[in-house]
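What follows is a short report on a single structure.
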Amino acid sequence: MEIYKELWYKTKEEYNGVEAFENMYNMNIEVLMSNPFFVSRVLLGQDEHLLKLKIGLADSFDESVELTSKK
């Protein structure tokens, strides 16, 4: 989590003047584009894997909200 916190602050610095929602969007793009597994699925055109990842990411968002609300 520390790495992602640092990424958040770095994204805010790089995209200065952008609102928080846009920074979350930009950060998510950078996380995905830096992940070798994601990149390989895109370059191989493995659409079924990308769809599975997309669904999984939506589910992980929901789980993150749930876990954060329990803290």
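Where a number appears in this text, it was derived from the coordinates with a stated rule and is not lab data. Everything numeric here is computed off the predicted structure, so don't read it as measured data. All Cβ positions, glycine included, derive from the backbone under ideal geometry; neighbour counts span all protein chains shown.
Among rounded, prolate and oblate, which fits the chain when a ≥ b ≥ c are the square roots of the eigenvalues of its C-alpha gyration tensor, a/c under 1.5 means rounded, and a/b larger than b/c means prolate?
It comes out oblate by the Cα gyration axes.
Angle, helix 20-34 long axis vs. longest principal axis of the chain, Cα atoms, 0 to 90°, nearest 10?
The angle comes out at about 40 degrees.
Which peptide among 31-37, 5-11 comes first, and what is the full order, when sorted by highest mean count of other Cβ atoms within 10 Å?
Those peptides, ordered most packed to least, come out 5-11, 31-37.
Between VAL42 and GLU2, take the C-beta separation as r, use R0 = 25 Å, and let me know the FRET efficiency to the nearest 0.05.
For VAL42 and GLU2, the calculated efficiency is 0.35.
Tell me, what HN-Hα J-couplings in whole Hz come from the Karplus equation 6.51 cos²θ - 1.76 cosθ + 1.60 at θ = phi - 60° for each residue of the stretch 37-52, using x for Gly and Pro?
5, 4, 4, 5, 5, 5, 5, 7, x, 8, 4, 5, 5, 5, 5, 4
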